[in-house]
Amino acid sequence: MPLALLALAVAAFGIGTTEFVMMGLLPQVAEDLGTSVPTAGHLVSAYAIGVVVGAPLLTALGSRVPRKRMLLLLMALFTVGNLASALAPDFGWLVAGRVLAGLPHGAFFGLGAVVAARLVREGRQARAVATMFLGLTVANILGVPAATLLGQHLGWRATFLVVSAVGLLAMAALARLVPYVPVDERQSLGREVRALGRPQVLLGLLTAVFGFAGVFAVYSYLASMTTEVMGFGDSTVTVVLALFGLGMTGGALAAGPLTDRALRPTLYGSLAALVLALVAFRFTIHVPWLALVTVVVLGAVGFMTTTPLQMLVMNKAKDAPTLASASNHSAFNLANAGGAWAGGAAVAAGWGWTSPTLVGAGLTVVGLAIAAVAGLLDRDRGTGEGASRVVAQSPLAERPAAAGRQVSSSSPASGS
């Protein structure tokens with residue numbers, strides 16, 4: 001694998017840490033800024049809003065910017081957003097900082113996935129994308145728990161200062177390791193928008209919204225389930241979250257080669273396994289050791305869906321995959337918000353802390369049904385997906401480019 005994938009993974013680590021760490025810092029933020037924990041919870045939503053808005057907007061604005069330069073600009077915006085959060089004088093400014101930090105999230109992962117796929121030969125593209133996403137999963141194992149502990153002992157502002165430093169490190173790695181890829185003169189915003197509007201791309205995005213919502217219907221309330229149902233103490237919450245992160249990492253490692261071999265079967269299988277795991281959790285949660293095993297499984301099968309979904313929308317967008325790839329992360333964040341809302345509504349209705357498991361299973365069933373319909377339409381048209389494949393393969397795929405080497409503007413890679 002090219003070293004450029006390591007740079008993308010470092011950036012993904014920083015983004016994943018800042019996205020999820022706020023959930024563990026809400027009490028400290030609320031106390032320091034003189035607000036309630038539920039009000040501080042709007043900081044989670046503020047980041048998600050930044051992702052949903054920023055993914056298509058920044059991708060569109062950067063459609064004519066060379067890919068490496070755009071990755072650096074997005075990571076610079078991410079770093080500034082976290083620095084603004086660390087220095088925020090009041091709650092309103094912190095909300096603004098969170099929105100700013102979230103803006104580049106989807107555009108970076110969308111563009112990064114396209115660049116990662118173009119760095120390797122055909123047949124290994126999903127593995128390249130999954131390698132980038134490993135940074136996100138490792139953030140949930142190491143970054144989020146460590147950043148939470150740091151915030152608890154040195155204050156929440158210290159957490160965002162450290163994440164800002166990770167952003168600077170990622171920028172240095174991107175500048176050193178990612179090859180320069182100019183924009184193809186044939187590429188245009190209109191072409192990207194038309195690709196985004198293709199039925200199979202839209203069905204892929206809908207699959208992500210509903211299928212992945214099942215994960216967040218449970219994950220959003222996993223801390224409360226740990227203490228209220230499993231019977232563990234508060235100190236065990238970080239362990240349970242880390243176990244979920246371990247499962248995510250295993251799922252990401254498995255998803256790459258499986259998606260390269262058979263994209264749609266991997267998508268169907270992971271969504272079906274997620275439904276079964278969510279239903280099983282409704283019962284295993286009452287047996288502590290079984291509950292912990294199920295948490296790992298949930299993380300694995302839940303995150304195993306992300307790579308085939310990412311590759312699917314990139315493939316179906318054909319030679320203009322960047323906007324579709326970025327919009328997929330808007331879909332994931334809509335799934336985040338929607339799943340958390342649906343799971344919370346079930347708890348608020350008095351159905352108990354285990355009810356989000358069945359709500360999540362129902363949402364994932366909808367996602368699986370949409371994926372199945374899309375697959376049938378593909379089969380009817382004779383365009384079914386076998387292995388993952390990104391159109392307009394780059395010469396970079398034949399041999400990893402040396403850091404800083406320029407790719408000719410006539411190369412198909414520059415069309416991403």
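The values are calculated or read from the model by the stated rules, or taken from the named source; none is laboratory data. Keep in mind that this is a model prediction, so the values were computed, not measured. A quick note on method: Cβ atoms are made from the backbone with ideal geometry, for glycine too, and the neighbour counts reach across all protein chains shown. What goes into the accessible areas is simple: the full protein's heavy atoms, side chains included, and nothing from ligands, DNA or RNA. Shrake-Rupley method; radii C 1.70, N 1.55, O 1.52, S 1.80 Å.
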Q: Working carefully through the options Val293, Val313, find the one that is crowded, with 19+ Cβ neighbours inside 10 Å and out of contact with any His (no Cβ under 9 Å at 6 or more places or on another chain).
A: Val313
Q) When residues of region 86-134 are filtered for being open to solvent by 10 Å² or more (accessible area, probe 1.4 Å), among the aliphatic types (A, V, I, L, M) and in a helix (DSSP H, G or I), how many remain? A) 7
(Q) Which numbered condition in (1) at pLDDT below 90; (2) over 24 Å from Arg282 (Cα atoms); (3) in a helix (DSSP H, G or I); (4) not aromatic (Phe, Trp, Tyr) is the only one that Thr383 fails? (A) (3)
(Q) I'd like to verify a number: residues in region 339-372 that are of a type in the set (Gly, Ala, Ser), in a helix (DSSP H, G or I) and open to solvent by 30 Å² or more (accessible area, probe 1.4 Å), how many? (A) 5
Q | Test for Val193: is it touching a residue at least 24 places away in the same chain (Cβ under 8 Å), hydrophobic (A, V, I, L, M, F, W, C) and buried (at least 18 other Cβ atoms within 10 Å of the Cβ) | A | no
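Here's the yes/no breakdown for (1) closer than 27 Å to Ala116 by Cβ; (2) of a type outside the set (A, V, I, L, M):
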| position | (1), (2) |
| --- | --- |
| Gly233 | no, yes |
| Phe244 | yes, yes |
| Gly250 | yes, yes |
| Ala255 | yes, no |
| Thr294 | no, yes |
| Gln310 | yes, yes |
Q | Residue in region 243-288 that is nearest to Tyr221 (Cα to Cα), counting only those that are buried (at least 18 other Cβ atoms within 10 Å of the Cβ) and β-branched (Val, Ile, Thr) | A | Ile285
Q: State whether the residues of region 61-81 include one that is under 20 Å from the mean Cα position of the chain (by Cα), surrounded by fewer than 23 Cβ atoms within 10 Å (Cβ to Cβ), in a helix (DSSP H, G or I) and modelled with pLDDT under 90.
A: no
Q.
Suppose we filter region 5-40 for residues that are touching an Asp or Glu at 6+ places or on another chain (Cβ under 8 Å) and among the β-branched types (Val, Ile, Thr); how many remain?
A. 0
Q: Determine which single condition Gly16 fails, assuming it passes every other condition in (1) under 26 Å from Tyr180 (Cα atoms); (2) touching a Phe, Trp or Tyr at 6+ places or on another chain (Cβ under 8 Å); (3) of a type outside the set (Lys, Arg).
A: (2)
Q | Boolean, Gly155 is within 19 Å of Pro308 (Cβ to Cβ) and either at pLDDT below 95 or open to solvent by 30 Å² or more (accessible area, probe 1.4 Å) (or both) | A | no
**Q.** Hits in region 225-241 (condition: touching a Pro at 6+ places or on another chain (Cβ under 8 Å) and open to solvent by 20 Å² or more (accessible area, probe 1.4 Å))
**A.** Gly231, Phe232, Thr238, Leu241
